[in-house]
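Okay, so here's the structure we're looking at.
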Amino acid sequence: MNDNETKNEESLGTDRRTFIAGAVASAVGAGLAVNHFSEAHAQTNQESQSLKEFAGRCAFVTGGARGIGYKTAEVLAQAGANIVLYDVAQQIKNVKYPLATAEDLAKAKKQIESQGVQCLAIQGDVRDSKRLKEATQQAVSEFGSLDMMIANAGITQIGFLHTFTDEEIDVVLDINLAGAIKSVQAAIPIMQKQNSGRIVLVSSITGRAGSQYFPIYSASKWGMIGLAKSTALSVASNNVTCNVVCPSLVNTKLLDNDYVLGTIFPKNPTMAAFNEVAKQRHVLPVGFYEPIHVANTIRFLCSDAAAYISGDVFDIQAGINAQSPA
Ligand SMILES: NC(=O)c1ccc[n+]([C@@H]2O[C@H](COP(=O)([O-])OP(=O)(O)OC[C@H]3O[C@@H](n4cnc5c(N)ncnc54)[C@H](O)[C@@H]3O)[C@@H](O)[C@H]2O)c1
């Protein structure tokens, strides 16, 4: 910025301040108290919120402190939903890379609230069915209903099948598969009583094909598809849908960590190297997905437009399926 531009910017700033001061003065002069102004503003805000598709609805997102879960919560909040973020937000034994922290969860809550909706942040583990049931009940007490359950919490693990200990096998199956089962169990009685609801599970591309490098993870993600279809059958008569999304590689901390990158690319442990692999695998000319791409698909499955879609599997795989037999 040169001197003239700086001066112009400064005088523009002064002009703006003068204008705002004048506007406030004339509003006060016209007998408008400032708090009336804020009340009117809040009402307008409320009215604009009520025009949104998910206004007055409540979405419960497991693993919502960061990554795909957080972005999904944000997209649903932008559409007017009140949000429950349920995340372990601390380290778990036998998980070899950092999970979200309590600070991540608190930050996520603030960001969701900045969308003009309400947000509950609950620190809890999807392996804990009692805590999940309490949390879903708390959602109903706070927000009046439980309209969307996004069973997204998950961990990854990499290595050849024969190398895993019992504890390492258990932690993946307990979180990814049993955790999703428990999340669905916590939502179902509430949704059945309401006679409405949407459940979306987050599986993976490794839930659609085997994986030599992610064998236990893959088994857990295949299991989630069986869970989605069985849930869809169990709750169809209650007007509740259940679907599952299977994303390819997504740019999150599940992959962007020393454990995963160091195992796959020991000589060049970078997301840039991984992105090249994603580009080679994808048919469309793209590398990593961003969380927003998955969030948008989940949002669609929760929308009124998807009311008659249930028991279906949605691959988000940049054209890879085009190479498979029909
Ligand atoms: N990133 C990818 O490439 C990719 C691809 C396909 C599917 N997925 C799936 O998407 C989901 C979200 O993953 P992400 O990529 O956003 O990863 P992420 O690690 O950024 O987020 C996962 C979140 O789940 C939380 N979490 C982990 N264990 C938990 C537990 N026991 N209870 C409650 N919360 C727990 C973590 O703290 C974290 O906030 C996972 O199920 C993952 O398997 C990811």
| query | How about the stretch 110-131: which of its residues are surrounded by 18 or more Cβ atoms within 10 Å (Cβ to Cβ) and more than 13 Å from the ligand (Cβ to nearest atom)? | reply | ILE112, GLN115, VAL117, CYS119, LEU120
| message | Return the residues of the stretch 160-184 that are away from the ligand (no atom under 16 Å from the Cβ) and either assigned to a helix (DSSP H, G or I) or open to solvent by less than 40 Å² (accessible area, probe 1.4 Å) (or both); say none if nothing qualifies. | response | LEU161, HIS162, THR163, PHE164, ASP166
| field | Qualifying residues in the stretch 204-226 (those that are aliphatic (A, V, I, L, M) and in contact with a helix residue (DSSP H, G or I) (Cβ under 6 Å, 6 or more places away or on another chain)) - the one nearest to ASN321 (Cα to Cα) | value | ILE225
| task | Please name all residue pairs, on different chains or six or more residues apart, with Cβ atoms under 9 Å, provided the first residue is in the stretch 156-169 and is within 25 Å of VAL202 (Cβ to Cβ) and the second residue is among the basic types (Lys, Arg). | result | GLN157/LYS96; ILE158/LYS96; GLU167/LYS93; GLU168/LYS96
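How about the stretch 227-236: which of its residues are surrounded by fewer than 19 Cβ atoms within 10 Å (Cβ to Cβ) and over 21 Å from ASN321 (Cβ atoms)? Steps first, answer last, please.
Taking the stretch 227-236 and keeping what is surrounded by fewer than 19 Cβ atoms within 10 Å (Cβ to Cβ), we get 229-230, 233-234, 236.
Selection gives SER230, LEU233, SER234, ALA236.
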| said: Is it the case, given these coordinates, that TYR86 is hydroxyl-bearing (Ser, Thr, Tyr), in a strand (DSSP E or B) and either within 16 Å of the ligand (Cβ to nearest atom) or open to solvent by 60 Å² or more (accessible area, probe 1.4 Å) (or both)? | reply: yes
| task | With the checklist (1) within 14 Å of the ligand (Cβ to nearest atom); (2) over 13 Å from LYS221 (Cα atoms); (3) buried (at least 22 other Cβ atoms within 10 Å of the Cβ) in hand, flag the one item ALA187 doesn't pass. | result | (1)
| query | Is there any pair linking a residue in the stretch 57-73 that is assigned by TED's automatic domain parsing to the domain that holds VAL245 and under 14 Å from ALA102 (Cβ atoms) to one that is within 6 Å of the ligand (Cβ to nearest atom) and in a strand (DSSP E or B), with Cβ under 6 Å and at least six apart or on different chains, and which? | reply | GLY64/ASP87; ALA65/ASP87
| query | Out of the stretch 141-158, which residues are surrounded by 15 or more Cβ atoms within 10 Å (Cβ to Cβ) and more than 9 Å from the ligand (Cβ to nearest atom)? | reply | PHE143, SER145, LEU146, ASP147, MET148, MET149, ILE150, GLN157, ILE158
| field | Pairs where the first residue, in the stretch 229-255, is assigned to a helix (DSSP H, G or I) and the second is open to solvent by 60 Å² or more (accessible area, probe 1.4 Å), C-beta under 6 Å, 6+ apart | value | ASN238/GLN192; ASN238/ASN195
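Is it the case that the stretch 263-270 has a residue that's open to solvent by less than 30 Å² (accessible area, probe 1.4 Å) and of a type outside the set (Lys, Arg)? Reasoning before the result, please.
Let us first name the residues in the stretch 263-270 that are open to solvent by less than 30 Å² (accessible area, probe 1.4 Å), namely none.
There is no residue in the stretch 263-270 that is open to solvent by less than 30 Å² (accessible area, probe 1.4 Å) and of a type outside the set (Lys, Arg).
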| remark: How many residues of the stretch 94-109 are away from the ligand (no atom under 11 Å from the Cβ) and either part of a loop (DSSP other than H, G, I, E, B) or small (Gly, Ala, Ser) (or both)? The answer is 3
| query | Checking VAL126 against (1) among the β-branched types (Val, Ile, Thr); (2) part of a loop (DSSP other than H, G, I, E, B); (3) over 20 Å from ASP174 (Cα atoms), which single condition isn't satisfied? | reply | (3)
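Identify, from the list THR206, THR231, THR252, the residue that is of a type outside the set (Gly, Ala, Ser) and farther than 22 Å from ALA100 by Cβ. First the steps, then the outcome.
Values: THR206 fails: farther than 22 Å from ALA100 by Cβ; THR252 fails: farther than 22 Å from ALA100 by Cβ.
Of the residues listed, the single one that is of a type outside the set (Gly, Ala, Ser) and farther than 22 Å from ALA100 by Cβ is THR231.
I need the full set of residues from the stretch 61-83 which are among the hydrophobic types (A, V, I, L, M, F, W, C) and within 12 Å of the ligand (Cβ to nearest atom), in order please. Walk me through how you get there before you give the answer.
Within the stretch 61-83, the first condition is being among the hydrophobic types (A, V, I, L, M, F, W, C), and the residues that meet it are 61, 65, 68, 73, 75-77, 79, 81, 83.
Correct list: VAL61, ALA65, ILE68, ALA73.
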| Within the stretch 190-208, which residues are away from the ligand (no atom under 14 Å from the Cβ), open to solvent by less than 40 Å² (accessible area, probe 1.4 Å) and assigned to a helix (DSSP H, G or I)? | ILE190, MET191
| message | Quick check on the stretch 209-216. Is at least one of its residues assigned to a helix (DSSP H, G or I) and of a type outside the set (A, V, I, L, M, F, W, C)? | response | yes
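The values are calculated or read from the model by the stated rules, or taken from the named source; none is laboratory data. Fair warning: this is a prediction, and the values are worked out from it, not measured in the lab. We place every Cβ from the backbone using ideal geometry, glycine too, and count neighbours over all the protein chains shown. These accessible areas exclude ligands, DNA and RNA; they are computed on the full protein's heavy atoms, side chains included. Shrake-Rupley method; radii C 1.70, N 1.55, O 1.52, S 1.80 Å.
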